[in-house]
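Engineer: Here it is: the structure, laid out below.
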Amino acid sequence: MTALPSPPFQRAYAATLTRRLAEPRRFLQIVAGARQVGKTTLVEQVLTGSGLPNVFASADEPALRDAAWLAAQWERGRLAAAGDSRLGAVLALDEVQKIPGWSETVKHLWDGDTRARKPLKVVLLGSAPLLVQQGLSESLAGRFEVLHLPHWSLVEMQAAFGFNLEQYLYFGGYPGAAPLVADPQRWRRYVLDALIEPTIARDVLLITRVDKPALLRRLFELGCRYSGQVLSYTKMLGQLHDAGNTTTLAHYLELLAGAGMVAGLPKYAGQALRQRGSSPKLQVMNTALMTALSGRSFAEARADREFWGRLTESSVGAHLVNAAARGVCEVFYWRERNREVDFAVRAGRRLVAIEVKSGRSPDALPGLGVFAEAFKPSRTLLVGNDGIPVAEFLDQPVEHWLQG
């Protein structure tokens, strides 16, 4: 990825990593996030500014990368750490999740350095957060810290590229695609060819077992087409013309969410069992996925009131689910009969209900009052129209709306 401007939130992530590099003790840092949200650029900039000896290598060609390659890069890092630097050296490995058995190899090498007191600091970058996390939980418990980079927010795209709200709703939060917005066809091809296809083909299908890859691809397209809508798994199977089972669909949705693409929000019921068994509300994690697959031009999207309303609601949902991916909160929807709350956000013991005024379908009515009576949320928020302006809601981190 070429060098990108550094907006406020990205500078905060860089500052966190910079502080860690300045500490005398060694550490194992994971930098995880969806494809092309700026992980590589951020780490390279921090390493350059640190002044520490460093080795940067990428496992982006999975057929050519294995445990032996990882061990060879680790040895390069050890040699760099053998110099006179009081703070040691840094080894940064990009796309680490593509190395088969990477977490076991890292554990072996890390523990060997611990016994030998090697002053090597290690930064591992991964573009499929769920798959990286699986490797961590299997082998590296207690040995690492995670820095999760989400999709870029409205604030970040405004600061870096001058996006206004409407541009952000349509073009989303991919910094690598932002320079192409003046040529919408090039922008769309970039999203389809450089973001969607590599994420599915290289970040999911090659590194986890998927028995029905065509079904996963169609499920992704369905999630983008119906973002903001509740669909039962049975109805999804009908839409997908597949005789699979609901467990397979639920698993594939987890994989797509872990890759930063499409999530399935559970229904809020105050009971975990009912939440897990509910029909999911489909939610893109970046609205660029929704618009690129729709084939609509900016003008066509803006003129289609229903589509623009779903795009607006999806942008609010994406803001929330990206915060959830960072561990800030949990995100649900709620519906009883024809009463609906777009998002129920839970953080610890706090519960916030959010309704987005976005051109709701006529068969679903706002349900904030009914929800408030049933679950006693800490606060209720109305976003859009005569409520909080959409731009104002997106300008603030989700933590801000969980306070008070």
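Engineer: Taking only pairs six or more apart or across chains, which ones have beta-carbon atoms under 7 Å, a first residue in segment 181-200 that is within 16 Å of SER127 (Cβ to Cβ) and assigned by TED's automatic domain parsing to the domain that holds LEU255, and a second residue that is in a helix (DSSP H, G or I) and among the charged types (D, E, K, R)?
Structural biologist: Sorted first by the residue in segment 181-200, then by its partner, the pairs are ILE200/ARG217.
Engineer: Regarding GLN29, is this residue under 20 Å from the mean Cα position of the chain (by Cα) and part of a strand (DSSP E or B)?
Structural biologist: Numbers: under 20 Å from the mean Cα position of the chain (by Cα): yes; part of a strand (DSSP E or B): yes.
Taking the combined requirement at face value, the residue satisfies it.
Engineer: From the list ALA303, ALA292, ALA318, ALA344, which residue is in contact with a His (Cβ under 9 Å, 6 or more places away or on another chain) and among the small types (Gly, Ala, Ser)?
Structural biologist: Details: ALA303 fails: in contact with a His (Cβ under 9 Å, 6 or more places away or on another chain); ALA292 fails: in contact with a His (Cβ under 9 Å, 6 or more places away or on another chain); ALA344 fails: in contact with a His (Cβ under 9 Å, 6 or more places away or on another chain).
Answer to the check: ALA318.
Engineer: I've got another one for you. Test of understanding: among THR312, THR287, which residue is touching a residue at least 40 places away in the same chain (Cβ under 8 Å) and out of contact with any strand residue (DSSP E or B) (no Cβ under 8 Å at 6 or more places or on another chain)? Don't jump to the end; show me each part of the working.
Structural biologist: On the way: THR312 fails: out of contact with any strand residue (DSSP E or B) (no Cβ under 8 Å at 6 or more places or on another chain).
Exactly one of THR312, THR287 is touching a residue at least 40 places away in the same chain (Cβ under 8 Å) and out of contact with any strand residue (DSSP E or B) (no Cβ under 8 Å at 6 or more places or on another chain), namely THR287.
Engineer: In addition: Given the criteria farther than 23 Å from VAL181 by Cα, small (Gly, Ala, Ser) and either part of a loop (DSSP other than H, G, I, E, B) or not assigned by TED's automatic domain parsing to the domain that holds GLU373 (or both), does ALA269 qualify?
Structural biologist: Values: farther than 23 Å from VAL181 by Cα: yes; small (Gly, Ala, Ser): yes; either part of a loop (DSSP other than H, G, I, E, B) or not assigned by TED's automatic domain parsing to the domain that holds GLU373 (or both): yes.
Yes.
Engineer: Tell me the residue from ALA250, ALA214, ALA257 that is aliphatic (A, V, I, L, M) and within 30 Å of GLN396 (Cα to Cα), please.
Structural biologist: On the way: ALA250 fails: within 30 Å of GLN396 (Cα to Cα); ALA214 fails: within 30 Å of GLN396 (Cα to Cα).
Within the list ALA250, ALA214, ALA257, the selection yields ALA257.
Engineer: Another question, if that's okay. Which members of segment 221-255 meet the condition of being closer than 21 Å to LEU311 by Cβ, in a helix (DSSP H, G or I) and in contact (Cβ under 8 Å) with a residue 60 or more places away in the chain?
Structural biologist: GLU221, LEU222, GLY223, CYS224, ARG225, listed by residue number.
Engineer: Starting from residues that are in contact with a strand residue (DSSP E or B) (Cβ under 7 Å, 6 or more places away or on another chain) and modelled with pLDDT of 90 or more, keep the ones in segment 51-68 and report whichever is nearest to LYS98 (Cα to Cα).
Structural biologist: Only one residue tops the list, namely SER58.
Engineer: I've got another one for you. Within segment 28-50, restricting attention to residues that are of a type in the set (D, E, K, R) and crowded, with 19+ Cβ neighbours inside 10 Å, which residue is nearest to HIS151 (Cα to Cα)? Lay out the reasoning, then the answer.
Structural biologist: Going residue by residue through segment 28-50, those that are of a type in the set (D, E, K, R) are 35, 39, 44.
Restricting the remaining residues to those that are crowded, with 19+ Cβ neighbours inside 10 Å gives 35, 39.
On the way: ARG35: 9, LYS39: 11 Å.
Filtering first and then ranking leaves ARG35.
Engineer: Hand me the list of strands (runs of 3 or more DSSP E) wholly inside segment 313-404 holding 1 or more residues that are of a type in the set (A, V, I, L, M) and surrounded by fewer than 22 Cβ atoms within 10 Å (Cβ to Cβ).
Structural biologist: Working: elements: 330-336, 339-347, 350-356, 379-383.
So the answer is 339-347, 350-356, 379-383.
Engineer: A further question on this structure: Residues that are within 24 Å of HIS151 (Cβ to Cβ) and either of a type in the set (A, V, I, L, M) or touching a helix residue (DSSP H, G or I) at 6+ places or on another chain (Cβ under 6 Å) (or both): does segment 358-378 have at least one? Working first, answer last.
Structural biologist: The first filter runs over segment 358-378 and keeps only residues within 24 Å of HIS151 (Cβ to Cβ), leaving 358-359.
Next cut, either of a type in the set (A, V, I, L, M) or touching a helix residue (DSSP H, G or I) at 6+ places or on another chain (Cβ under 6 Å) (or both) only: 358-359.
Taking every residue of segment 358-378 in turn, at least one turns out to be within 24 Å of HIS151 (Cβ to Cβ) and either of a type in the set (A, V, I, L, M) or touching a helix residue (DSSP H, G or I) at 6+ places or on another chain (Cβ under 6 Å) (or both).
Engineer: Report, by residue number, each residue of segment 344-357 that is closer than 21 Å to GLY223 by Cβ and either among the charged types (D, E, K, R) or touching a residue at least 60 places away in the same chain (Cβ under 8 Å) (or both). I'd like the intermediate steps shown before the answer.
Structural biologist: Filtering segment 344-357 down to residues closer than 21 Å to GLY223 by Cβ leaves 344-345, 354, 356.
Matches in segment 344-357: ALA344 only.
The values are calculated or read from the model by the stated rules, or taken from the named source; none is laboratory data. Computed from a predicted model, the values in this text were never measured in an experiment. Don't worry about glycine lacking a Cβ; one is built from the backbone with ideal geometry, like all the others, and counts go over all protein chains shown.
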